[in-house]
1. Give the calculated FRET efficiency between A:T284 and B:Q466 to the nearest 0.05, with a Förster radius of 45 Å applied to their Cβ-Cβ distance.
2. If one computes the Cα centroid of the range B:29-103 and of the range A:31-88, what distance in Å separates the two points?
3. How many partner chain Cβ atoms sit within 10 Å of a residue's Cβ in peptide A:422-428, on average, as a whole number?
4. Sort A:343-349, A:430-436 for me by packing, meaning the mean count of neighbouring Cβ atoms within 10 Å per residue, highest on top.
5. Cβ under 14 Å from B:M175's Cβ, B:M175 left aside: what net charge do those residues give with Lys, Arg +1 and Asp, Glu -1?
6. Working from Cα positions, state the angle (0 to 90°, nearest 10) between the long axis of helix B:304-318 and the longest principal axis of chain B.
7. Once you average over the residues of A:465-475, how many Cβ atoms of partner chains fall within 10 Å of each Cβ?
8. Using the per-residue mean of other Cβ atoms lying within 10 Å as a proxy for protection, in what order, highest first, do the peptides B:407-417, A:360-370, A:20-30 fall?
There are 2 protein chains.
Amino acid sequence: MENNQSLSALVDKVMQQSAAAFHQYRQVSSARRAEFLLNIREQILALGDELINTAAAETNLTTARLINERGRTLLQLQQMAEMLQKNDWQEVILHLPPKENPGAHPDIRRMLFPLGPVVVFGSSNFPFAYSTAGGDTASALAAGCSVVVKAHPAHLKTSCLVAAAIQQAAIQSQMPPHVFQHVEEGSFEAGKLLVQHPQTAAVGFTGSFSGGKALWDYAATRPSPIPVFAEMGSINPVLIFPDYLRTQYEKLAELYAGSITLGVGQFCTNPGLLIAMEGEGLETFIDLLSQKLAATAPATMLHKGIGESYNKKSSNILLINGIKQVTSTKNAIENHQANAILARVTANVFLQQPGLREEVFGPFSLLVICSNPSEMMAVLSSVQGQLTVSMMATEEDWNSHARFLQAAIPVAGRIICNGVPTGVEVCEAMVHGGPFPASTDSRFTAVGIQSVKRWLRPVAFQNFPQDWLPEALKTKDENSSA
Amino acid sequence: MENNQSLSALVDKVMQQSAAAFHQYRQVSSARRAEFLLNIREQILALGDELINTAAAETNLTTARLINERGRTLLQLQQMAEMLQKNDWQEVILHLPPKENPGAHPDIRRMLFPLGPVVVFGSSNFPFAYSTAGGDTASALAAGCSVVVKAHPAHLKTSCLVAAAIQQAAIQSQMPPHVFQHVEEGSFEAGKLLVQHPQTAAVGFTGSFSGGKALWDYAATRPSPIPVFAEMGSINPVLIFPDYLRTQYEKLAELYAGSITLGVGQFCTNPGLLIAMEGEGLETFIDLLSQKLAATAPATMLHKGIGESYNKKSSNILLINGIKQVTSTKNAIENHQANAILARVTANVFLQQPGLREEVFGPFSLLVICSNPSEMMAVLSSVQGQLTVSMMATEEDWNSHARFLQAAIPVAGRIICNGVPTGVEVCEAMVHGGPFPASTDSRFTAVGIQSVKRWLRPVAFQNFPQDWLPEALKTKDENSSA
């Protein structure tokens, strides 16, 4: 009781401070917000090896991977800063009456404004790019929102280092106090209280379905509901068409062995479902893929809980009638290491077992074998919303199966041709999100500068004199209307 | 039980048909969707006086008002058609690798696609413009969504006429069967089942807070939550600054007597809260406004339920300690007529009574009298999310009180200078929506072509050969990448 009261008081203090900061920060110019983001970038770089080593110790990720992820994080901050500097991101729309007839209709001018304080929950698998100074924080700060990050308990020290860098940048850029705050309290209850606090205006989350859905539920049942953008992972179906399989099974095995085991399979874009048709090349492909997966050394997962969950979920699937494990089971894995696992099943069994459509977070992939294109279509139609669908097809396949692209559109946020779903390009055209349960709001992306739209809303100004309007809404020509 | 079963079967049939229609309709070109919308326009016009007379009999609205509203409805359809014809509404973003180095990064191209079947709940106060063929239907059909309209029981005959016109247009334009469906079943249960049906992808609603919030709750607690855009009304605060009051009290009384009584006050943009400071002109303004309101003849409201609710809610407010009725009470109102009512209260009392911040749907307005600018700011900060805030200010007022504009931005979707909130211009720059409870998602507008964004989500295509891509994503230059 006493603990709950002090936690509640802590959250209230943090959110009141965030609200006060918001009302100052929302009036800070785009140019100055850009400086702030670039300053965060510099401060993170200045942490040097200490940051990489701390994250490596906390997450078991390799330093090469972490250096790469840091680069991605810095790129995200830079792209948001460049968006702010271009100053065309606020969706200004002017509806001006003709000069010769100023009374013809009202003068209406609209642009986007920030929603309010945003609470960010980082992910376990991206300690930089989707955590403390990751995409959610960068986009919310760019939008003009104050940010409260709840540190991920699996990499608390890393989070504290990054938070200190952001706070240092805020001081250097003379931003309002508390524009960014870091809550180290790791409990589930703290997250709930942050989402439920009346001053919280929106939530960003990257992680598991159960975590994201719980936050969604808290937000939706508030007296005043708020938007939650939760990116909750996916099984990322891969459609393998017959001619591609027949002619490129070797390349296919190579590509997908790499994609399934990349980062010990700990990516929300991990290809967890391969869908192929019986035919020439299939068994050879399975043998090759299986060999390549077996040749991959077992690797340590992010933390004990994730390792245990991987072993439990994959074991449960292998117990289902009709599922055959293709890779040989390896024993004697230490700590929380994971072996890559490939299993196979007929489309018929797959369609009868909804549990097979759920994500196994880790280097696990299930190959569904269809006897004809209609079965393949039935399998694709049976899966829930996905971050990605991939299509492995030759020109010949395309001539017979182009309709699968139309069928994939309602399922996914991104559709990949002859490639792997892992590796998310950070660019304006990227869509990282998708129909539920891939994300809680498919109308937005979590990656790329368009992700700023999650934290913005339009406001229209009617018949204001030019001088009274926000700067972005003033027309250059002083002789124009109003 | 039997009734519930048959209702459930009806809703299931309708939504399965809508889903089947969606998968055809989403592939219909923008140009053909535009033709369809223009055809709906023609078919509605062809209903002629029968439509106006039917609506007048069902709603007690004047024919002049209804003819005007029909014009607005046709304009909305036309603007959506023009948007489709321009073909730049799908937010195409291309991320193409340089020709000299096609492997530099993936080729990513994104555009917007429709969400799926949309269920529309029309309003009682706009039998045309926010009902069967209103803004929600027009924007959802433009987006490529199939539409199911639940007829408003208060104007069922009108809704059936308009639905038949849409269906006629669908046949003439050779649209997929069931692209538009009309559910005449008026029960609350039918609405609930429609929102909860697994095939429903999104919901549009215009009406009361209790109705919109109930639908939001049904949608948010589905196994797979869906977006609900509910526009739920507002009290539309009007800030009256001292110099404006002193110099223009007569014009102010004239403007606001008209706005408060327009359409018997049955607009979501009705000015229900006037906020002024003590000072020269105030009492004269109150007298003038009161006289003008008293001179307005009592008028019949949309239906009995609305009339009763108006009398009950306004009477309850007048019983609160510290509230003074300014207009004289008129008795002997017949049927469900309403008298315009103006009441006054001090800021001090207002701030202590949260019930005074709730909407009284009808020609009721509460004048809050503040003793200084800080009280005025406290009153503005105390109100919930609003569709509009209006500011009545002279240059002199602006010099002292410009900060009220910054304070109004987080509160409202539209901010009006020296005018009235009633009258919503149908244009691209319009924002009709606002922070909760004005609407359930302030990131979108219900009016203007931007309203189409409610029903769309982005999809990215990675490394597809040019020929395999949707038409809108192909680059003109055939020698470019991909």
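1. 0.90
2. A separation of 45 Å, based on Cα centres.
3. Neighbouring Cβ atoms belonging to other protein chains average 4 per residue here.
4. Listed from highest to lowest mean packing, they are A:430-436, A:343-349.
5. On the way: positive: B:R26, B:R32, B:R33; negative: B:E35.
Local charge sum for B:M175: +2.
6. On a 0 to 90 degree scale, this one is about 50.
7. 2
8. On the way: B:407-417: 23.3, A:360-370: 25.6, A:20-30: 18.4.
The peptides rank, most packed first, as A:360-370, B:407-417, A:20-30.
Readers should treat all values here as calculations from the given coordinates under stated rules, not as data from a laboratory. Because the structure is a prediction, the values reported are computed rather than measured. Methodologically, a virtual Cβ is constructed for each residue, glycine included, from the backbone with ideal geometry; neighbour enumeration extends over all protein chains shown.
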